[in-house]
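The structure appears right after this line, and notes come after that.
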Amino acid sequence: MSTSLDPSADDVLAQVDHAHTMLKASAENAGQHPIWGSDDVLVGQWRHELSGQDLDALIMGIRIRRIAMVIDRLIIEQCEPRGLKHHEFILMMALRRHGDPYTLRPSDLLWMYSVTSGTATYRVDKLVQRDLVAREPDPRDRRGFLIRLTPHGKEVVDAILGHLRGHFGKQLKPFAEIAGGFQALESGLRLFEACLLSETLP
């Protein structure tokens with residue numbers, strides 16, 4: 001079923017609601033399972049169980065967590081055929097996004113992922129064995145070393161990101177057709193994160 005925009009929708013919120021309604025109609029009963037159903041099913045359950053309480057902020061967190069789980073599942077589907085675990089790909093992606101020469105200090109990884117030094121060492125060792133990352137001397141610290149994404153590791157990360165980019169582009173086409181839709185969502189998510197990280201409540 002087409003998700004073309006309702007010509008009477010004259011703002012982003014109305015267009016998003018319209019596109020969502022069209023997608024739900026085309027999916028029929030998909031995602032209605034009470035255990036692993038869509039976010040609307042999960043939200044409905046919580047509204048029923050905690051009825052009479054102000055749940056708007058909590059529900060927003062539940063929806064975002066649900067989306068994160070969906071994205072993690074998509075990443076895992078791409079990692080498994082390549083013999084990668086999800087946390088290994090996340091580590092490699094951190095190296096990739098920092099740009100050439102794709103290096104980080106072990107302490108950076110510890111800070112980003114809140115793991116023990118033993119866990120970080122074990123994970124890096126596994127990646128080194130498969131020529132996905134390498135250890136090399138730190139030119140600014142004779143006693144230290146850097147973790148570097150190898151050319152092979154970069155190829156693997158780029159292949160997975162390329163698939164995800166294509167998948168998201170296809171699946172999010174109804175959203176992309178809404179003028180200002182992505183920008184509004186990004187602004188809202190930035191504010192959501194800033195509020196959670198703020199140390200001072202109004």
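The values are calculated or read from the model by the stated rules, or taken from the named source; none is laboratory data. In this text, all values refer to a predicted model and were calculated from it rather than measured experimentally. All Cβ positions, glycine included, derive from the backbone under ideal geometry; neighbour counts span all protein chains shown.
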| Any chance segment 60-74 includes a residue that's without any contact (Cβ under 8 Å) to a residue 60 or more places away in the chain, in contact with a Leu (Cβ under 8 Å, 6 or more places away or on another chain), outside any loop (DSSP other than H, G, I, E, B) and on the phi < 0 side of the Ramachandran plot? | yes
| remark: For segment 42-65 the number of residues that are closer than 14 Å to residue 192 by Cβ and charged (D, E, K, R) is 3
| message | Taking the condition of being in a loop (DSSP other than H, G, I, E, B) and under 18 Å from residue 130 (Cβ atoms), how many residues in segment 83-112 meet it? | response | 4
| message | I need the full set of residues from segment 158-174 which are assigned to a helix (DSSP H, G or I), among the hydrophobic types (A, V, I, L, M, F, W, C) and out of contact with any Phe, Trp or Tyr (no Cβ under 7 Å at 6 or more places or on another chain), in order please. | response | 159, 161, 164, 168
| remark: Scanning segment 152-172 residue by residue, those without any contact (Cβ under 8 Å) to a residue 60 or more places away in the chain and more than 18 Å from the chain's Cα centre (by Cα) turn out to be 152, 154, 155
| message | Condition first: of a type in the set (Gly, Ala, Ser) and farther than 18 Å from residue 162 by Cβ. Now tell me which residues in segment 95-118 satisfy that. | response | 107, 114, 117, 118
| query | Picking from 76, 67, 71, 59, which residue would you name as being of a type in the set (A, V, I, L, M), surrounded by 14 or more Cβ atoms within 10 Å (Cβ to Cβ) and modelled with pLDDT of 85 or more? | reply | 59
